[in-house]
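Worksheet: one structure, shown below.
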Amino acid sequence: MKYSLFLYTPLFLLLLIIIILISISVGSVNISCFEIVDMCFGSLKEGQFPQSHWDIVFRIRLPRIFLAILVGAGLSIAGVAFQAFLRNPLADPYIVGVSAGAAVGAGLSFLFKLNLLFHVISLTPVAAFMGALFTVFIVYRLSLVRGKVPVETFLLSGVIVGSFLWALVSFVMFLSREDLHRLIFWIMGSLAEKNWTDVFLLLPYLLTGSIILWMNSRALNVMTLGDEASHYLGVEVERTKFILIIASSLITAATVSVSGIIGFVGLIVPHIVRMIFGSDHRVVLPLSGLVGAILLVFSDTLARTLLVPMEIPVGIITALLGAPFFCYLLRKRKFSFF
């Protein structure tokens, strides 16, 4: 059954706001929701609250929460696109080897100490982003057969390139023993120690990719029928595939570069949204972004608070939440995927 996008968007936004308030208020230092609201709307004057609370809210927790929103939304939107045009319900944003390419880039930055360049700036996100985009380029070129990109060839190329790159990651981990812990923590996926710079770095890539995908949402609806049917229905199949691959991979590369590899978000969120709202991608794309944001903010809040003062990589939390739920969907599935 399909529900109205305009009816449910405000409800999801309200739920997201509630989770954001809870996430800001809890942690190693608890801050009341009323104090947070007063801070945000300027009701409290300077000196009426501890400076440490101000720093915790605006310099530590809010940037991290906004980044979780962007990463969760980005992975979910990219997951929708990959599952649709690949016509594969098990596809996720990492299926073309983007995660492996980003991990190689990040690993090399740790190995050559680029993560602390001049003791001021970290080039790890840049290296991860470039590694991810280079991987997509290689996979796309390998997939080209007489000017076309068959779905099966694209998937197989992604698996082969990804496997090779993960072997390189293992080799880099063997060489960079001093930074092994940090590299493993990055691969597990984490939003720790993030700031507003990471948010503003990710935002333009996410907006650009998401707008491109939404503009092609009608084509996505048609492409679930297959390449031949899409061609007869007026879709320029190869051109559309190229646009979808570039937009989805751009989003994935940008999110992985700032957050590491966070699994299951881009896999299960599209299924949840399709199960409830149907398969019209004009609805599925924006609602998947909202649900993905809610899921990752919630997961990151658990990652911060379950073992205070220790912190669990958020990728572990999403896997622990996502894997059982996905198994449940597979067992109880009573809906058509497309």
Might you report the magnitude of the Cβ-based charge dipole of the chain about its Cα centre, with Lys and Arg at +1 and Asp and Glu at -1, to the nearest 20 debye?
680 debye
Gained length - LEU168 relative to ARG182, 0.36 nm times residue gap less alpha-carbon distance
3.3 nm
How much FRET efficiency would the formula 1/(1 + (r/R0)^6) give for TRP196 and ARG146, where r is the Cβ-Cβ distance and R0 is 45 Å, rounded to 0.05?
0.45
Name the aspartates and glutamates eligible as straight-distance cross-link partners of LYS113: C-alpha to C-alpha under 12 Å, and not fewer than 8 places from it in the same chain.
GLU178, ASP179
Sparsely packed trypsin sites (Lys or Arg not before Pro) within the range 286-335, loop by DSSP, other Cβ within 10 Å at most 12:
ARG333, LYS334
With runs of 4+ DSSP H residues as the only contributors, calculate the mean residue ellipticity of the chain at 222 nm using -39,500 (n - 2.57) per run, divided by the residue total and rounded to the nearest 500.
-23500 deg cm²/dmol
Subtracting the Cα-Cα distance from 0.36 nm times the residue separation, let me have the gained length for ALA323 to SER32 in nm, one decimal.
101.4 nm
Listed by chain and number, the aspartates and glutamates with an alpha carbon less than 18 angstrom from that of LYS148, same-chain partners under 8 positions apart left out, are ASP227, GLU228, GLU236, GLU238
Take each uninterrupted DSSP H stretch in the chain, measure its Cα extent along the helix axis, and return the ones at 24 Å or beyond whose mean Kyte-Doolittle hydropathy is at least -0.5.
5-25, 62-85, 124-143, 151-175, 196-215, 237-259, 281-305, 314-332
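Hey, what D do you get for the chain in µm²/s if you plug the Kirkwood alpha-carbon radius into Stokes-Einstein at 25 °C and 0.890 mPa s?
118 µm²/s
What's the FRET efficiency of LEU233 with ASN88 using the Cβ-Cβ distance as r and R₀ = 25 Å, to the nearest 0.05?
FRET efficiency, LEU233 to ASN88: 0.75.
Each value in this text was obtained by applying a stated rule to the coordinates, not by laboratory testing. Here the structure is a predicted model, which is why all the values come from computation and not from measurement. Counting neighbours? That spans all protein chains shown, and the Cβs are built from the backbone with ideal geometry, glycine included.
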